[in-house]
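Values quoted throughout were computed directly from the atomic coordinates according to the rules given, and no laboratory measurement underlies them. Since this is a predicted model, take the numbers as computed values, not measurements. Because the Cβ atoms are built from the backbone with ideal geometry, glycine has one as well, and the counts that use them run over all protein chains shown.
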Amino acid sequence: MRFKFPILLLLLALSLNSCVSVQVKDNTVTKVSQENKKPKNIILMIGDGMGLSQVSAAIYYKNGKPNFERFSTIGLSKTSSASDLITDSAAGATVFSTGVKTYNGAIGVNQDTLAVPTIVEQLSTRRLATGIVATSSIQHATPASFYAHVKSRRMYDEITEFAPNSGVNFFAGGGLKFFNQRKDGKDLLAEMKAKDYELITNQLPKTPSEKNELILLAEDGMPKMSQGRGDFLPNATKLALEKLSKNEKGFFLMVEGSQIDWGGHDNDADYLIEELLDFDKTLGVALDFAKQNGETLVIVTADHETGGFTLASDGSDYNKIKPTFSTTGHSGTMVPVFAEGPGAFLFNGIYESTEIYHKMMALFDK
């Protein structure tokens, strides 16, 4: 194809800016996209224990096209912690919340057990809205790592004490008993209400509150999908987005499909796949919002893989899949990173898990 001189000059100028791409047809620029456009909002979605085989299960077991296939940018994350080749969820999530590799079991602290500021804390001081949604208790390793600082993930009562002053505008998950059935006798629900939180324990509301929200629908972890949890995760995500998007400065939302990991630990393929498909449905909520909003980056990844999950053949029958496991623990395999929206191109390639935090913060540092 031969270009007229003005078009050639334009292409030359654009080539000097690697963050701009164009399409040319019949000597006419038909599309210009700014890759260096930064997002106003970021949704980080963590499929706990979700490796590539877990993602692949959505392709084989979902009726219809998986939402995973809607992403245009895909990378790989190296998940080892500072203490072990194979990370746990605490160190794995602290990486995302602080950008620091730490020891297994650490919640928001470095190798010396010193608190490290989380992305939630940093953005809250800038008056961005923040939210945490999980199908575990909100004191479980992954959600806790975004607002608490303790030396051990099992310190659930101590983790809960960080909630009133966390700056988180929207909590949804389980974990009620750590607020009101405590060994120290403290009534942390009263403290939450004093901090302008509306407490909801019966069902997920249809519309967001004007106040901060603490939605605790289980004493500890939420029920399994097989136990009737229903659309809690996609609906809680939708509710969080409706609330947080009212903030003109922007928002950060962390959503965890917690029980993908639990199915892996149990070596229960049905459990794992049901939770994975629930997570995929939730991706659709986030992607639909981001597409309509135009200023939102959606990132999907995992802290580690659990179970050594494999979609093997059923013996010599290569037309039948038999899900299998190699461990009841975690594995050291790299995990996928999916990104869609402004800044997504930064998540191409293979990199340490710490880079996910640093890339997010770089996008927020406008």
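Summary of computed values
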| read-out | value |
| --- | --- |
| Stretch gain in nm, segment ASP266-ASP184, where the contour uses 0.36 nm per residue and the Cα spacing is subtracted | 26.3 nm |
| Modelled FRET efficiency - R0 25 Å, LEU85 with THR310, Cβ distances, 0.05 increments | 0.80 |
| Relative contact order (%) - criterion: Cα under 8 Å, at least six apart; region: the range 87-234 | 21 |
| Most mobile listed residue (GLU248, GLU198, GLU352) in the chain, GNM with C-alpha springs under 10 Å | GLU248 |
| Residue-span extension gain [GLN292 to GLN111] - 0.36 nm each, minus C-alpha spacing | 61.0 nm |
| Crossing angle, helix 5-15 versus the chain [Cα axis fit, 0-90 degrees, rounded to tens] | 30 |
| The chain: relative contact order in percent, alpha carbon pairs under 8 Å with at least 6 residues between | 27 |
| DSSP-defined beta bridges in the chain - what % are antiparallel, rounded to 5 | 40 |
| For the range 180-287: rounded, prolate or oblate by the Cα gyration tensor [a/c cutoff 1.5] | oblate |
| Label corresponding to mean projected area of the Cα convex hull in nm² when calculated from the structure given, among (1) 41.1; (2) 17.5; (3) 21.1 | (3) |
| Where labels lie 7 Å past Cα in the beta-carbon direction, separation of ILE200 and TYR60 in nm | 3.8 |
| MRE, 222 nm, helices only [DSSP H, n ≥ 4, -39500 (n - 2.57), over the chain, to nearest 500] | -9000 deg cm²/dmol |
| Helix 354-364 vs. the chain, principal-axis angle (Cα, 0 to 90°, nearest 10) | 70 |
| Gaussian network model of the chain, Cα within-10 Å springs - most flexible of ASP196, ASP317, ASP84 | ASP317 |
| Contour minus Cα-Cα distance for ARG126 and LYS320 (0.36 nm per residue) | 64.6 nm |
| Most mobile listed residue (TYR271, TYR60, TYR197) in the chain, GNM with C-alpha springs under 10 Å | TYR60 |
| Sorted by Cβ neighbour density within 10 Å, fewest at the top, the residues GLU340, GLU69 | GLU69, GLU340 |
| Degrees, to the nearest 10: 269-293 long Cα axis against longest axis of the chain | 50 |
